[in-house]
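J.: If you scroll down you'll find the structure; I have some questions about it.
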Amino acid sequence: MPDNTETIGQCPNCGDPITAAWTLVEYEKPDGTAGVWAECPTCADVVAPE
């Protein structure tokens, strides 16, 4: 289980960092890599952190 304060990426809309605590869905992409959907705490959008 990841640390909830671990940064998982940045919001592609506003550029603010997103931590693991905001993760909504973790999934496997067709190419075998991990994907994440998270809520941005700043702009409140559901995004795929970059």
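The values are calculated or read from the model by the stated rules, or taken from the named source; none is laboratory data. All values reported here derive from a predicted model rather than from experimental measurement. All accessible areas refer to the heavy atoms of the entire protein, side chains included, with ligands and DNA or RNA removed. Shrake-Rupley method; radii C 1.70, N 1.55, O 1.52, S 1.80 Å.
J.: Rounded to whole Å and ordered largest first, report the semi-axes of the equivalent ellipsoid of the chain derived from its Cα gyration tensor (root of 5λ). Display every interim value, and only then the final one.
T.: On the way: eigenvalues 61, 33, 15 Å².
That gives 17, 13, 9 Å for the three semi-axes.
J.: Right, something else. Which whole-Hz ³J(HN,Hα) couplings does the stretch 37-50 yield from phi under the Karplus relation 6.51 cos²θ - 1.76 cosθ + 1.60, θ = phi - 60°, glycine and proline marked x?
T.: 10, 9, 8, 7, x, 8, 9, 6, 8, 8, 9, 9, x, 9
J.: Full extension from C14 to T42: what is 0.36 nm times the residue separation minus their Cα-Cα distance, to one decimal in nm? It would help to have the intermediate numbers written out before the result.
T.: Details: separation 28, 0.36 × 28 = 10.08 nm, distance 0.78 nm.
Length gained, C14 through T42: 9.3 nm.
J.: In addition: In whole Hz, what ³J(HN,Hα) sequence does the stretch 18-24 give by Karplus (6.51, -1.76, 1.60; θ = phi - 60°), x for Gly and Pro?
T.: 10, 9, 4, 4, 9, 5, 9
J.: Name the residues whose placed amide hydrogens come within less than 5 Å of the amide hydrogen of I8, ignoring near sequence neighbours (fewer than 5 apart) on the same chain.
T.: I18, T19, A20
J.: Sequence gap at least 6, Cα distance under 8 Å: using those rules, report the relative contact order of the chain to the nearest whole percent. Provide the component values of the computation, followed by the final result.
T.: Details: 91 pairs, mean separation 16.9, N = 50.
Averaging sequence separation for qualifying contacts and normalising by length gives 34 percent for the chain.
J.: Can you work out ³J(HN,Hα) from phi for every residue in the stretch 27-33, in order, using Karplus 6.51 cos²θ - 1.76 cosθ + 1.60 and θ = phi - 60°, giving whole Hz and x for Gly and Pro?
T.: 8, 9, 6, x, 7, x, 7
J.: May I ask you to give the percent of accessible area on the chain that is carbon plus sulfur, with a probe radius of 1.4 Å? Numbers along the way, then the final one.
T.: On the way: 1750 of 3460 Å².
Reported share for carbon and sulfur atoms: 51 percent.
J.: Would you mind working out the accessible area per residue for the chain, using a 1.4 Å probe, and quoting it in Å²?
T.: Numbers: 3460 Å² over 50 residues.
Result: 69 Å² of accessible area for each residue.
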